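In what follows, a single structure is set out as structure tokens and then discussed.
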């Protein structure tokens, strides 16, 4: 790769060959039969930062290949980031690649399963390609960057139930999330009436929060580090110049690459609510954003501070309820919360007719350990008779996926489930983009009834040569 971030002729030919080879493959591959005693051969697409965690959690299997687009050393990276180059060095038996298309083409028969941990805009492209080749696939949350991509992934999973799919909403396997589900279902706080779901603006998050002024530097000429494969990072996104304000991790703020804080942490905090309350699609959505989110900024980035009001219709014995998302903002503390005690850095406040359930960043919980769930008032917490555990406790979110692959079944956070949680987040982003309008959603047609511009945001074209796999 040249210093300006363009592909060399050799790299362009390799990439074209990869695409040509993959597009010419048989209609669908078939997964190799695995037994519980087998070690799965796993390839990883994205191994820096959280990708390194995914690899560590699955290190008992055979790590046969790793791929990344940023091979800078720790000394070259700002802050506390896990360098992909160190992760790869710790697994010398795994073949290293820059281009996941080349990896899948060359290693096809040596791979049973694939873990996708790229920027959001590449999720569907890599995951669907792996599915088409007959692999079991674990894809990070949010499942994809658009409604169309999510639905394509869900359809592929439905057509191929023998391929285990898992969405990387890791808190789904935690003790906290499973307690939330069991307690709400057991009536711990009575009938749920309204919910606040939030992500506060906390210090650690500053490492990937961009100021709006970064939009003024999109056209700056910045030399691309030789270790950064910029064109491969862009993938299906429109071509733009490299800038350090995108990598590492701050791509989350940009419309072309991420899904904002709602797409990033929304799946974690909506998960227990979707599960416990069987939340379908909302009837209406209303979004808002800070006043500085306008003009060029809203064409390029996600809002710095935002809110979304969801209204869900009654379903079964559950009455209608409202849910409000607080993006980089803090809702009022509920009655009974200790005075001067800050709320968790993210989570939910569930208001019921008997009391309140509060939960924090459940994605950090370990299976079997309660850390982030509280009942209010304290008298309710003391008197509530904890129900028997009715939901299975897997040893980890990752183990549940790989065990399912070996047993020929689907894990609990498969793409069907994770896709719906992701869609709720993406619908919220569309509501923020249409702030000032109450969007009405039809769950049968799965589209908005009163805004064609909102429906138009369900999809976006991929860059030529990066079409979504069929």
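Read the figures in this text as sums done on the coordinates, not as results from a lab. Being a predicted model, the structure only gives us computed values, none of them experimental. All Cβ positions, glycine included, derive from the backbone under ideal geometry; neighbour counts span all protein chains shown.
Quick notes
- Antiparallel %, DSSP beta bridges [both residues in the chain], to 5: 55 percent
- Panel order for 172, 160, by other beta carbons found within 10 Å of each beta carbon, from fewest to most: 160, 172.
- Put the Cα centre of region 35-91 next to the Cα centre of region 413-470 and the gap is 31 Å.
- Hydrodynamic estimate: the Kirkwood radius of the chain over Cα pairs, inserted into Stokes-Einstein at 10 °C and 1.306 mPa s, corresponds to D of 69 µm²/s.
- Relative to the longest principal axis of the Cα atoms of the chain, the long axis of helix 123-132 makes an angle of roughly 70 degrees.
- 4 °C / 1.567 mPa s Stokes-Einstein diffusion coefficient of region 329-470, Kirkwood radius on C-alpha pairs, µm²/s: 66 µm²/s
- Nearest-ten-degree value, helix 147-159 long axis tilted from longest Cα axis of the chain: 80 degrees
- Here is the tail figure for region 395-470: Cα pairs spaced more than 14 Å apart come to 72 percent of all pairs.
- On Cα atoms only, tilt of 397-407 relative to the major axis of the chain in degrees: 70 degrees
- With neighbour counts taken as other beta-carbon atoms within 10 Å, the residues 165, 56 rank, fewest first, as 56, 165.
- Share of Cα-Cα pairs in region 86-222 lying beyond 25 Å, as whole percent: 51 percent
- Evaluated at q = 0.27 Å⁻¹: base-10 log I(q)/I(0), Debye formula over Cα of region 113-184: -1.15
- Least to most buried among 293, 359 (fewest other Cβ within 10 Å first): 293, 359
- Separation of region 220-250 and region 268-346, taken as the distance between their Cα centroids, equals 32 angstrom.
- Residue separation of residue 314 and residue 447 scaled by 0.36 nm, minus their Cα-Cα distance, works out to 46.0 nm of gained length.
- Value at 222 nm in deg cm²/dmol, rounded to 500, when DSSP H runs of n ≥ 4 in the chain each add -39,500 (n - 2.57): -8500 deg cm²/dmol
- In whole percents, the pair-distance distribution calculated for region 229-372 from its alpha-carbon pairs, binned every 10 Å from zero, is 9, 32, 32, 20, 7, 1.
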